[in-house]
Every structure is written in C-alpha cells, then in structure tokens.
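*Asks:* There's a structure below that I have some questions on.
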Amino acid sequence: MKLSTESYKGVRDFYPQDQQFLNYLLATYRDVAKKFGYAEYHASILEPSELYKAKGAENAEMVSEQTYTFLDRGGREVTLRPEMTPTVARMVAAKRREFGFPLRLFSIPNVFRYERPQRGRLREHWQLNVDLFGSESRAADAEIIQVSYELMKAFGANESDFVIKIGSRAYINALITELDLDEDAAQKLVGLLDRKNKIEKAEFEQGLAELGVPSEKLSAAHVPADVQAVLDILSAVGIGNAKFDPSIVRGFAYYTGVVFEVFDTHEDNNRSLFGGGRYDNLTAMFDNESITGVGFGMGDVTMHDFLEVRGLLPAYHAPTHVYLAVASDAEVPHALQLAQELREHGVHVASDFGDKKLADQIKNAAKNGVPYLVVVGQNEITSGTFMVRDLSNGNETPASRAELASFFLER
Ligand code: HAM
C-alpha cells in the first residue's frame with residue numbers, strides 16, 4: 001500500500017502560494033508591532049507540560065483535551081505549546097531584573113491544539129502575540145487594542161469591516177463576589193456569557209435567572225469603569241468601532257481585567273477574528289512577584305478568512321521574473337551566462353537545462369506562474385536582440401541584451 005499524500009489531520013502544507021500569503025501576513029504583523037516599539041522574541045515549540053497545569057495558567061479544557069502531550073525518551077512530559085502566553089510569562093519572570101518596564105514584546109509562534117478542525121479552527125496555526133508587561137494603566141490596555149486596530153488597517157480593512165468588543169473580567173469577578181456565587185455557579189456564568197451570541201435571548205435570560213444574576217447587571221448600558229476608561233482613550237486616538245459588550249469574557253482562566261475580541265462584521269464570516277486581555281497573575285507561578293501583563297493573540301487562519309471574504313487577499317507573484325528557455329542544449333552555457341548577468345542586475349532568473357522540448361519549457365514556466373520568458377537561441381545570441389514573451393498573453397517585445405535587465409526591473 002502506498003502512503004497518502006494528505007497532510008496530518010487539521011494541519012496544512014504550505015505550497016508556494018500559501019507560503020507567500022503567510023509571509024505577507026507575518027511581515028505585516030512585524031511591521032505594525034515594531035511601529036509601536038515592540039521587540040521580537042521567540043522560544044521553542046516544546047514546553048514542559050507542567051507549564052499548562054500550574055495554578056494560574058491552567059485551563060481545564062486546554063490541558064485535558066486540547067494539548068499534544070507526550071513523554072520524551074527520558075520520561076519527561078512534554079507539550080507542543082497550545083499558546084504563547086505562559087511561555088512569555090516564563091521568559092519575562094526569568095529576566096525581570098534585566099528588563100525595563102513597561103516592557104513591550106511580540107512573537108509569531110506556530111501553536112498546536114487538538115481541536116475539531118472546522119472553519120477558522122485548525123490543529124496548528126501561526127499566531128501573532130503582542131504583550132505589554134508591567135503597567136496597570138488603562139492606557140496600556142488601550143494601546144494593545146490600538147495595535148490590533150492598526151493591524152486591521154494595515155491589512156486594508158475599513159472601520160466598518162470589523163468591530164472591537166470590549167468586556168471586563170474584573171467586573172464579572174466583582175459581580176461574582178457581590179452575588180456570592182460559588183465556583184460552580186461562577187464558571188456557569190462565564191460559560192453562559194461566552195455563549196451569549198450563539199444562543200437565543202430567552203435562553204440567556206433564563207440562564208441568568210437560574211444563577212440568580214439580575215440581567216440589568218449585564219446589560220450593555222451598564223459600562224464598567226475600566227472599560228469606559230479604555231473606550232475614552234480609544235476614541236481620543238480616533239478609533240470609532242470599539243464598544244462595550246458584557247458577553248466578552250474570553251476562555252482562559254488567567255484573564256483578570258479588560259478583555260476584548262475583534263469580530264468580522266461580514267455576514268458570511270460573522271465571527272471572532274482574534275482577541276486578548278489583561279492577566280495579572282501569570283508570572284506568579286514562577287515566584288512571588290507578579291508582573292501584570294496585557295496582550296492578544298491573532299491567528300493566521302481567521303485572518304485569511306477575513307481577507308478572503310473582503311477580497312483583500314494579495315495576488316500571488318512567482319519569485320521568478322523571467323525564465324530563460326533554450327532552443328537546444330547547445331545554448332545552455334550561453335543561457336547560464338545571460339542568467340548570471342541578469343542576476344547581477346537584481347533580476348530573478350531561472351534557466352532551463354535544455355532536456356525538454358521548447359514548447360514544454362514554455363508551458364511549464366507558465367504553469368508555475370512565471371510572468372516572462374526569453375528564448376535563448378543561436379539567432380538571438382548572434383544578433384544580440386531577444387524577444388521577451390509575456391506568458392499571460394503571448395505578446396512579444398524585442399529587447400537588446402543591455403536593455404533586458406531594466407525591462408524586468410521596471411515591471
Ligand atoms: P485565543 O483566543 O485562544 O487566545 O487565541 C487567539 C487567536 O488565535 C484566536 O482568536 C484565533 O485568531 C487564533 N486561534 C486560536 N485557536 C485557533 C485554532 N485552533 N485554529 C486557528 N486559529 C486559532 C490565546 O491564545 C491567548 N494566549 C492570547 C493572548 C496573548 N492573550 C494575551 N496575550
């Protein structure tokens with residue numbers, strides 16, 4: 001039996017078109033993060049499993065059902081990181097004396113979650129992480145949201161294409177204390193809020209009633225002070241599509257303050273694109289000194305879907321500007337020489353080896369998306385004039401050897 005050519009369930013192969021899109025995404029991530037003064041860091045995919053089980057980082061569903069965990073050859077339990085936040089908390093805690101705060105960090109790791117693959121959800125994705133450590137200021141919360149907003153703009157989105165929904169875990173936690181809810185009821189409340197947009201209003205109201213939570217405490221009209229402060233700063237910097245939404249609580253247990261989620265407003269992709277929030281105690285699992293953090297994670301899968309429904313995906317460009325085809329293998333040395341000449345001018349050139357018919361050389365270059373082709377034959381070599389063929393329409397333009405490089409570089 002032969003092996004399947006399919007990739008492992010829920011992960012992707014990145015063919016040149018896919019990789020080019022990913023590179024575009026990552027370059028945009030980097031540009032925007034750096035514009036705000038964030039420094040890039042990185043870490044290994046492998047983490048000791050205890051990092052996701054420790055008090056503060058734990059997330060029951062994540063640890064028991066969604067991680068790729070295995071024993072290494074020394075019997076240690078290892079996990080492929082399902083997210084970056086515990087890792088960056090560890091790194092910051094380790095070097096806290098060397099860093100100045102506020103500390104602004106970003107990274108673009110690939111992360112792994114054993115999830116049921118569906119639209120927007122895979123088992124491996126790339127995730128921009130932008131985090132700010134050591135400031136409790138509402139302006140720090142606002143800055144993180146502003147970075148998210150600028151990312152959306154950098155991808156070509158308009159304000160009406162997305163909405164930034166802001167909630168407050170601090171407010172929900174205070175409400176839980178005020179109403180004296182036990183742990184079970186508290187979890188139910190968070191779960192109910194998390195599902196609010198997916199269930200009927202009546203079901204939501206009934207859930208609140210069962211928990212003894214007055215619904216006006218969770219109405220959009222009742223904006224918590226921390227959220228209002230953030231909204232005021234955002235409006236001062238010209239952001240007009242942020243609003244309070246009491247149902248935004250986020251899944252992870254570590255969030256303690258303002259939390260937010262960015263939603264696509266398109267009717268065909270009306271879903272959360274990415275999100276984050278403030279977490280006060282994550283570094284406390286390493287020592288007794290907590291460093292507060294606020295940040296978000298933005299995945300490549302949801303962004304791809306967003307850009308696709310908006311018609312904002314960039315077109316694919318083959319890396320090769322021009323393909324040199326040869327009339328016979330006698331011209332190969334000459335073609336190689338011309339290729340090298342063009343490369344020295346900065347042109348991206350690939351040259352054929354003359355072991356296929358000329359017609360096939362042309363067909364194959366077109367198949368791979370190469371825009372131009374030049375046939376190197378005895379006539380061209382002697383006359384010094386080459387015909388540049390536009391492979392999208394077959395049009396030919398003559399160019400002297402000296403003009404060739406600029407022909408491609410100007411396009
Ligand atoms: P998260 O909401 O679990 O948060 O993930 C952040 C984003 O990563 C999601 O909104 C989505 O864009 C993408 N994402 C998550 N899971 C998947 C998946 N299975 N397939 C495709 N994309 C996915 C966190 O991970 C937090 N650690 C973010 C954070 C950073 N909070 C503070 N700093």
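*Asks:* If each residue's Cβ is checked for other Cβ atoms within 10 Å, how do 316, 323 rank with the fewest at the top? It would help to have the intermediate numbers written out before the result.
*Replies:* Working: 316 11, 323 25.
Final ranking by Cβ density, sparse to dense: 316, 323.
*Asks:* Would you list, by chain and number, the lysines whose Cα falls below 30 Å from the Cα of residue 357, excluding same-chain residues fewer than 8 positions away?
*Replies:* List returned: 367.
*Asks:* Using unit Cβ charges (K, R positive; D, E negative) and no other charged atoms, how large, in debye to the nearest 20, is the dipole of the chain about its Cα centre?
*Replies:* Numbers: 44 positive and 59 negative charges, 106 e Å.
Dipole magnitude for the chain comes out near 520 debye.
*Asks:* Next question, about the same structure. Starting with the fewest neighbours, write out 9, 356 ranked by other beta-carbon atoms found within 10 Å of each beta-carbon.
*Replies:* The fewest-first ordering by Cβ neighbours comes to 9, 356.
*Asks:* Moving on. Rounded to the nearest 10 degrees, what's the angle between the helix 169-178 long axis and the longest principal axis of the chain, both from Cα atoms, 0 to 90?
*Replies:* 20 degrees
*Asks:* Which Cα, out of 246, 284, 212, lies furthest along the positive dipole direction of segment 182-295 (beta carbon charges, K/R +1, D/E -1)?
*Replies:* 246
*Asks:* Identify, among 382, 397, 365, the residue whose Cα sits farthest towards the positive end of the charge dipole of segment 322-409, taking +1 on the Cβ of Lys and Arg and -1 on the Cβ of Asp and Glu, with the dipole about the Cα centre.
*Replies:* Final value for the positive-end residue is 365.
*Asks:* How big is the Rg/Rh ratio for segment 89-153, C-alpha atoms only, Rh by Kirkwood, two decimals?
*Replies:* On the Cα set of segment 89-153, Rg over Rh gives 1.06.
*Asks:* Taking +1 at the Cβ of each Lys and Arg and -1 at the Cβ of each Asp and Glu, which of 156, 106, 128 sits farthest along the dipole of segment 99-184 towards its positive end, judged by Cα position relative to the Cα centre?
*Replies:* 156
*Asks:* With a point put 7 Å past each Cα toward its Cβ, work out how far residue 51 is from residue 219 in nm, to one decimal.
*Replies:* 4.5 nm
*Asks:* Comparing 228, 337, 20, which has the greatest mean-square fluctuation in the GNM of the chain with Cα pairs linked when under 10 Å apart?
*Replies:* 337
*Asks:* Roughly what % antiparallel, to the nearest 5, for the DSSP beta bridges in segment 322-409? Intermediate values should be presented prior to the final figure.
*Replies:* Details: 8 of 16 bridges.
The answer is about 50 percent antiparallel.
*Asks:* Please give the length that would be gained between residue 403 and residue 317 if that part of the chain were fully extended, namely 0.36 nm times their separation in residues minus their C-alpha to C-alpha distance (nm, one decimal).
*Replies:* Numbers: separation 86, 0.36 × 86 = 30.96 nm, distance 2.27 nm.
Answer, rounded to one decimal: 28.7 nm.
*Asks:* Does segment 322-409 come out rounded, prolate or oblate by the C-alpha gyration tensor, with a ≥ b ≥ c the root eigenvalues, rounded set by a/c under 1.5 and, if not, prolate when a/b is larger than b/c and oblate if not?
*Replies:* Working: a/c = 1.33, a/b = 1.07, b/c = 1.24.
Verdict is rounded for segment 322-409.
*Asks:* Another question, if that's okay. Please label the shape of segment 1-108 as rounded, prolate or oblate, based on the square roots a ≥ b ≥ c of the eigenvalues of the alpha-carbon gyration tensor (a/c under 1.5 means rounded; beyond that, a/b larger than b/c means prolate, else oblate).
*Replies:* The shape class here is oblate.
*Asks:* If you count, for each residue, the other Cβ atoms within 10 Å and average over each peptide, how do 122-131, 207-216 line up from highest to lowest?
*Replies:* Going from most to least packed, we get 122-131, 207-216.
*Asks:* Kirkwood hydrodynamic radius for the chain: how many Å is it when counted over pairs of different Cα atoms? Intermediate results must be reported in sequence, preceding the final value.
*Replies:* Numbers: mean 1/r = 0.0403 Å⁻¹.
With all distinct Cα pairs of the chain included, I get 24.8 Å.
*Asks:* Let me ask something else. With each pseudo-label sitting 7 Å past Cα toward Cβ, what's the residue 26-residue 368 distance in nm, one decimal?
*Replies:* Calculated label separation equals 2.2 nm.
*Asks:* Residues of segment 200-215 with the amide nitrogen closer than 14 Å to a label point 7 Å from the Cα of residue 184, along Cα-to-Cβ, please.
*Replies:* 211
*Asks:* Tabulate in residue order the Karplus-calculated ³J(HN,Hα) for segment 267-276, using 6.51 cos²θ - 1.76 cosθ + 1.60 with θ = phi - 60°, rounded to whole Hz; enter x for Gly and Pro.
*Replies:* These are the phi-based 3J(HN,Hα) values: 5, 8, 9, 6, 8, 6, 8, 5, x, x Hz.
*Asks:* Next question. What FRET efficiency comes out for residue 383 versus residue 2 if R0 is 51 angstrom and r is the Cβ-Cβ distance? Round to the nearest 0.05.
*Replies:* My answer for the efficiency is 0.50.
*Asks:* A 28 angstrom limit on the alpha carbon distance is what I want to check against. Which of 198/243; 153/243; 53/243; 53/188; 9/35 exceed it?
*Replies:* From 198/243; 153/243; 53/243; 53/188; 9/35, over 28 Å: 53/243; 9/35.
*Asks:* Given axes a ≥ b ≥ c from the Cα gyration tensor, I'd like to know whether segment 224-312 is rounded (a/c under 1.5), prolate (a/b larger than b/c) or oblate.
*Replies:* In terms of gyration-tensor shape, oblate.
Taken together, the values in this text are just the output of simple stated rules run on the coordinates, not laboratory data. The model shown is predicted, which means the values in this text are computed figures rather than measured ones. Because the Cβ atoms are built from the backbone with ideal geometry, glycine has one as well, and the counts that use them run over all protein chains shown.
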